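Right, one structure below, let's go through it.
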Amino acid sequence: MQNKKWGLVAPVYILLVLLISAGTVQSNQLYINELLEGNPPPQVLKEGPVVRVVQPNVQKPTPDEGDVEEQGEVEIEVEVEVEVTPEPKPLRKVALTFDDGPDAHYTPRILDILQAEDVLATFFVLGEYVERHPELLKRMFNEGHLIANHSRTHGDLALLTNEEIIALELGPTSQVIENLTGCYPMVMRPPYGSLRQDSVNFLKETGWHIVRWSLDTFDWDSRRNKPEQIINRIQAQHHNGAIILMHCNGPATTAVLPDVIKTLRELGYEFATVTQL
Ligand SMILES: [Zn+2]
């Protein structure tokens, strides 16, 4: 009877043990799940133990300037105000020159424009006219312009001997200028640009500076001295160090002079006298 009873109980016991064992397994699985939830982020190796992957505490190097892009994930844009010194532009100069004055009517207007525009120029004057308008010569001088010698009578110096050039034309002109200003000009421009080679050599040897021109505005030529023609000529022929030929005794020059100054300034030029180039 006893055996029979045990025979009935045993399967039940075995079943109970199996159930308890199953419960233990289930409990272990729950424990693992809790562990996973409570300690993120673990790495569960496939069919292995739960392990936590510990990142080594590697100190990132301090980024240098220029390494920003290599950092990849963290890009910080920093606006830095850098004061940039502009490259100095090469100084470009031109000289405005006015021949054949002083003239009672147009020279004062030329001087007014130059004064208003704060431009210094060079006046190649005629001795005869200086004698007639000493006050205008003084004004030129007092306003800072360079006064130079253009002969006394505007004759063709190629027809004179070297001694006559000095005695009749250059000497008297520079002398009257010195009487008015205290300065004896040794800068000259021959009328029409006309001078024999032996006279060129002679004047240079005796200390004169001969100045011709490199850009003729043709303001003296009524067939081609409309303002737009003069401006076009300047825009086509301007160059650094240009000596620009104009005159201070006619309406064409006074009409176009403000635009001449504006055009040259827009081209980047500053104004100088012929001895400042
Ligand atoms: Zn002249």
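For region 112-193, the list of GluC sites (Glu not before Pro) that fall in a loop by DSSP and count at most 14 other C-beta atoms within 10 angstrom reads 143. In this structure the amide hydrogen of residue 148, modeled in the peptide plane, comes within under 5 Å of the amide hydrogens of 123, 124, 125, none closer than 5 places in sequence on its chain.
Counting every other Cβ atom within 10 Å of each residue's Cβ, 130, 84 order from fewest to most as 84, 130.
Report, in whole Å, the centroid distance computed from the Cα atoms of region 123-138 and region 150-184. Comparing the Cα centres of region 123-138 and region 150-184, I get a distance of 12 Å. Sorted ascending by nearby beta carbons within 10 Å, beginning with the fewest, 118, 103, 156 become 118, 156, 103.
Given their separation in residues at 0.36 nm each and the Cα-Cα distance between them, residue 259 and residue 105 gain 53.4 nm when the chain is fully extended. Here the simple spin-label model places points 7 Å from the Cα toward Cβ, and for residue 267 and residue 158 these points are separated by 2.8 nm.
Report the far tail of the P(r) of region 95-271, meaning the percent of Cα-Cα pairs longer than 21 Å. Result: 47 percent of Cα pairs exceed 21 Å.
Sorting 254, 153 by the number of Cβ atoms found within 10 Å of their own Cβ, with the fewest placed first, yields 153, 254. Computed from the C-beta positions of residue 237 and residue 206, the FRET efficiency with R₀ = 22 Å rounds to 0.10. With a Förster radius of 41 Å, plug the Cβ-Cβ distance of residue 139 and residue 224 into 1/(1 + (r/R0)^6) and report the FRET value to the nearest 0.05. According to the calculation, E is roughly 0.85.
Just so you know, all these numbers are worked out from the coordinates, no wet-lab data involved. Predicted model, so just to flag it, every value in this text is computed and none were measured. Quick reminder, even Gly has a Cβ in these numbers, built from the backbone with ideal geometry, and neighbours come from all protein chains shown.
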